[in-house]
Amino acid sequence: LEAGIQAEFAQDYLTAALMFEKVGAFGQALRALDHSPRSDQLERRGELLEHGGDFLMAGLVYERLGQTEKAIAMFEQSGEFARAANLLRNQLGGERAALDDHYLKLAANAGRVEDVAQLCWDSAGKAASPEERGLFLRRIKFIVEQGYVGAAWSERIEGEMAEIDSAERSWFARRATEWAEKATKDVLGEY
């Protein structure tokens, strides 16, 4: 602590910040770092905030630096689940986020699981194939079964799921004949 104070008096702010950090005086370390004439200390500032337990501010610094994973972890530790969920959704994109378990957990902690269900519903509407559409609808079904959203969602997807299931069965039936013929050719050709 004394070495940090002396370094600060000597205007060696980087050394002062390091000394203060070593004794756990993170507020003083941040103050010394703020006096430093170097402008490339933003990442160091984020680390000091993280080590000092100010996870929200550390998350904001990491977000500004473009270090998304660190920012999400800091927001999650600070209880800023909505901010973490938004950042993860922006990183993954809407469709991937809809199927991501970490995003679902963050949204649940933020009290915004309805948004995930709606995202799945919208993604199912844009899906190019019945398989992809079924994937999003099954995700909603999973969210309902886990008790995250109400039964209204279950009613909403019930008819859609029946349509998807019949489309998948007819697709499989058409392809099964092809597969059987190909398998027969392969086996007879080999033996």
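Some observations on this one:
- Straight-distance crosslink candidates among lysines, where the alpha carbon sits under 30 Å from residue 70 and sequence neighbours closer than 8 are dropped: 22, 105
- 3J(HN,Hα) couplings calculated from phi for region 78-94 with the Karplus curve 6.51 cos²θ - 1.76 cosθ + 1.60 (θ = phi - 60°) are, in sequence order, 7, x, 8, 5, 5, 5, 5, 5, 4, 5, 5, 5, 5, 5, 7, x, x Hz; Gly and Pro show x.
- Gain upon complete extension [residue 69, residue 129; 0.36 nm per residue less C-alpha separation]: 18.4 nm
- Taking only Cα atoms of region 70-112, radius of gyration then Dmax in Å: 9.1, 26
- Virtual spin-label span in nm between residue 12 and residue 145, 7 Å along Cα→Cβ: 6.4 nm
- Mean Cβ count within 10 Å, highest first, over the residues of peptides 99-111, 146-158: 99-111, 146-158
- Estimated distance in nm for a label pair at residue 96 and residue 51, the labels positioned 7 Å out from Cα along Cα-to-Cβ: 3.3 nm
Where a number appears in this text, it was derived from the coordinates with a stated rule and is not lab data. What you are looking at is a predicted structure, and each value in this text was computed from that prediction instead of being measured. Ideal geometry is used to build each Cβ from the backbone, glycine not excepted, and the neighbour counts take in all protein chains shown.
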